[in-house]
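Heads up: the structure comes next, in structure tokens.
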Amino acid sequence: MKVELFIARKLKLGNGKKSASPSLNVATIGIVLAILIMILSVVIVLGFKSEITHKLYSINPHLKVSNAGLGMDDNYSTVNAHEVFNGIQSDSQFFGKVQSMSLIAEKPAILKTDEDFKGVMYRGVDDGYDWSYLSACLTEGRLPNLADTADTREIIVSKKLCDQLRLKVGDKLFSYFIDNKVKARRSIIVGIYNTEFDAFDKSYIIGNIKLLQSVNDWNGFTGNYVGVNLRNTDNLSGDAQQLYAALAKSTIEHNYPTLHTVSTITQNNMSYFAWLSMLDMNVIIILVLMIIVSSFTLISALLMIILERIRMVGVLKSLGCSNGMIRKIFIYLTGKLIIRAIIIGNVLGLGLALIQKYFHIIKLSSESYYMSYVPIEIDTTALLLLNLGIVVMSYIALIGPSHIVSTIKPTTTMKFD
């Protein structure tokens with residue numbers, strides 16, 4: 001064992017006078033709190049990003065194929081399902097990436113009951129629509145039946161809208177669509193969903209696309225856009241370019257009248273993804289502040305330990321120990337403090353995170369945060385990098401202050417009792 005490490009270990013064990021112990025304890029508590037805050041900041045922000053991203057990718061198509069120009073109906077662009085589906089299937093490589101694709105129409109409507117009314121967006125979908133997420137979010141009832149012979153009036157409505165309009169499963173209500181004239185359609189609520197994504201829940205009702213096709217006097221192959229969901233979303237920009245090329249080639253080969261454009265979910269929901277990016281900056285600021293705080297705590301502890309052991313420094317120097325050797329003694333001692341604080345901080349931080357992850361103790365307002373509790377995402381790689389960064393930054397913070405050892409003179413310090 002190295003002499004420096006041996007001496008540092010003996011100091012840690014508190015042989016002789018235990019004057020260093022209070023300093024170590026104070027420093028340990030300060031660093032533990034800083035590490036605890038850093039760990040919770042990381043896992044909470046990762047949880048928010050993961051939960052919001054999951055919701056966005058579940059209620060919106062990954063790729064959206066729409067008309068490159070404006071259509072004649074309500075100034076909405078329209079697409080023909082046959083043209084788009086043929087273009088997608090013409091590229092076998094891209095088609096292999098597709099999980100689902102659906103013709104979708106959307107139109108503003110007014111829901112009216114005997115006592116109240118509410119403006120909403122009616123989303124009409126066909127039988128290719130991916131219901132997996134909304135199915136999991138159903139609180140009552142069932143999903144609409146989209147079979148050819150099914151009742152086109154069936155809709156699902158969010159719990160938020162049902163509470164506002166005092167609706168329940170089985171209720172019938174009128175939906176009013178305003179073009180050059182008002183068109184009314186009667187709907188039947190067959191299910192109630194709750195995604196806790198307030199911007200979606202307060203606006204969307206979902207039903208059969210055939211109802212909107214009848215309102216707009218469209219044929220059975222026309223909608224506002226085709227939504228495409230992919231099996232893997234790691235390269236959305238590249239997949240969008242590949243789909244655009246396939247559609248353009250198919251349009252030319254079959255002399256289709258419509259030019260198409262392809263947009264990604266990030267392009268269609270830029271405000272949400274910009275907000276998620278801002279969360280990264282927030283956590284960086286928190287980490288920097290906590291590192292600064294813990295660095296000052298470490299430096300203070302190091303200086304206190306050196307001053308408390310100033311007579312020992314003089315003795316070691318008189319015995320021929322170099323300044324570098326003595327500096328290493330105190331850096332080793334403080335390093336052990338850092339490791340102990342990291343272990344305690346990780347145990348406390350991960351313990352609190354796991355409790356929140358599985359028991360949802362801390363609640364949130366879904367209207368403000370799009371979820372009802374603080375989400376937790378434990379990323380092992382991120383936590384390992386965080387702990388490694390703490391160790392490196394702590395060592396760097398100790399290098400400068402440890403030079404105070406060089407200014408201590410044995411002839412002066414050995415006069416102290």
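The values are calculated or read from the model by the stated rules, or taken from the named source; none is laboratory data. Just so it is clear, the structure is predicted and the values come from calculations on it, not from any experiment. Ideal geometry is used to build each Cβ from the backbone, glycine not excepted, and the neighbour counts take in all protein chains shown.
What pairs can you find where one residue is in the stretch 274-290 and among the charged types (D, E, K, R), the other is assigned to a helix (DSSP H, G or I), and their Cβ atoms are less than 9 Å apart, with a gap of 6+ or different chains?
Pairs that qualify, where the first residue is among the charged types (D, E, K, R) and the partner is assigned to a helix (DSSP H, G or I), are ASP280/VAL45; ASP280/LYS49.
Residues are listed down the side, and each one gets a yes or a no for (1) within 27 Å of VAL98 (Cβ to Cβ); (2) buried (at least 18 other Cβ atoms within 10 Å of the Cβ); (3) modelled with pLDDT under 95; (4) outside the structural domain of LEU212 (by TED's automatic domain parsing):
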| residue | (1), (2), (3), (4) |
| --- | --- |
| VAL43 | no, yes, no, yes |
| VAL65 | yes, yes, no, no |
| ALA68 | yes, no, yes, no |
| GLY71 | yes, no, yes, no |
| ASP74 | no, no, yes, no |
| THR78 | yes, yes, yes, no |
| PHE85 | yes, yes, no, no |
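What number goes with the only condition from (1) assigned to a helix (DSSP H, G or I); (2) surrounded by 15 or more Cβ atoms within 10 Å (Cβ to Cβ); (3) of a type outside the set (Val, Ile, Thr) that GLY227 does not pass?
Every listed condition holds for GLY227 apart from (1).
Counting just the residues of the stretch 167-192 that are free of Cβ contacts under 8 Å to residues at least 60 places away in the same chain and farther than 30 Å from ASN80 by Cβ, which one comes out surrounded by the most Cβ atoms within 10 Å (Cβ to Cβ)?
Step by step, filter the stretch 167-192, then rank; the result is ILE189.
Answer with yes or no whether TYR244 is in contact (Cβ under 8 Å) with a residue 12 or more places away in the chain and either under 30 Å from LYS159 (Cα atoms) or outside any helix (DSSP H, G or I) (or both).
Working: in contact (Cβ under 8 Å) with a residue 12 or more places away in the chain: yes; either under 30 Å from LYS159 (Cα atoms) or outside any helix (DSSP H, G or I) (or both): no.
The answer is no for TYR244.
Being β-branched (Val, Ile, Thr) and in contact with a Pro (Cβ under 8 Å, 6 or more places away or on another chain) is the filter here; which residues of the stretch 157-208 pass it? Explain how you work it out, then say what you get.
The initial filter retains those residues of the stretch 157-208 that are β-branched (Val, Ile, Thr), namely 157, 169, 178, 182, 188-190, 192, 195, 205-206.
Correct list: ILE178, VAL190, ILE206.
Of all residues in the stretch 119-136, how many are part of a strand (DSSP E or B) and more than 16 Å from MET101 (Cβ to Cβ)? Break it down into steps so the answer makes sense when it comes.
At the first step, the residues of the stretch 119-136 found to be part of a strand (DSSP E or B) are 119-125.
Filter once more, so that each one left must be more than 16 Å from MET101 (Cβ to Cβ): 119-122.
Number satisfying all stated conditions: 4.
Regarding ASN268, is this residue polar (S, T, N, Q) and either closer than 28 Å to MET38 by Cβ or within 13 Å of the chain's Cα centre (by Cα) (or both)?
Here the answer is no, as ASN268 does not meet what is asked.
Residue pairs, Cβ under 6 Å, 6 or more apart or interchain, first in the stretch 130-144 and surrounded by fewer than 16 Cβ atoms within 10 Å (Cβ to Cβ), second part of a helix (DSSP H, G or I). List them.
Pairs found: TYR133/SER58; THR139/LYS159.
Here is a check on your reading of the model: is SER250 among the polar types (S, T, N, Q), assigned to a helix (DSSP H, G or I), without any contact (Cβ under 8 Å) to a residue 40 or more places away in the chain and over 19 Å from ALA105 (Cβ atoms)? Give the steps one after another, and end with the answer.
On the way: among the polar types (S, T, N, Q): yes; assigned to a helix (DSSP H, G or I): yes; without any contact (Cβ under 8 Å) to a residue 40 or more places away in the chain: no; over 19 Å from ALA105 (Cβ atoms): yes.
No: the conditions fail for SER250.
Pick out the one residue from GLU51, GLU4 that is at pLDDT 70 or above and acidic (Asp, Glu).
Working: GLU4 fails: at pLDDT 70 or above.
Residue meeting the stated conditions: GLU51.
Just to check your reading of the model, which residue among ASN232, ASN255 is surrounded by fewer than 17 Cβ atoms within 10 Å (Cβ to Cβ), without any contact (Cβ under 8 Å) to a residue 24 or more places away in the chain, among the polar types (S, T, N, Q) and in the same structural domain as GLU154 (by TED's automatic domain parsing)? Break it down stepwise before answering.
Details: ASN232 fails: without any contact (Cβ under 8 Å) to a residue 24 or more places away in the chain.
Just a single option satisfies the conditions, and that option is ASN255.
GLU367 is checked against (1) more than 30 Å from ASN194 (Cα to Cα); (2) of a type outside the set (Gly, Ala, Ser); (3) surrounded by fewer than 16 Cβ atoms within 10 Å (Cβ to Cβ); (4) modelled with pLDDT under 90 and fails just one. What number does that condition carry?
The failed condition is (1).
If you check every pair at least six apart or on different chains, which have Cβ atoms under 6 Å apart with a residue in the stretch 108-124 that is assigned by TED's automatic domain parsing to the domain that holds PHE177 first and a residue that is modelled with pLDDT of 90 or more and of a type in the set (Lys, Arg) second?
LEU111/LYS118; TYR122/LYS107
Which numbered condition in (1) within 13 Å of ILE156 (Cβ to Cβ); (2) assigned to a helix (DSSP H, G or I) is the only one that GLY191 fails?
For GLY191, the exception is condition (2).
So is THR407 at pLDDT below 90 and either outside the structural domain of LEU307 (by TED's automatic domain parsing) or exposed (fewer than 14 other Cβ atoms within 10 Å of the Cβ) (or both) or not? Explain how you work it out, then say what you get.
On the way: at pLDDT below 90: yes; either outside the structural domain of LEU307 (by TED's automatic domain parsing) or exposed (fewer than 14 other Cβ atoms within 10 Å of the Cβ) (or both): yes.
When the stated conditions are applied, THR407 passes them.
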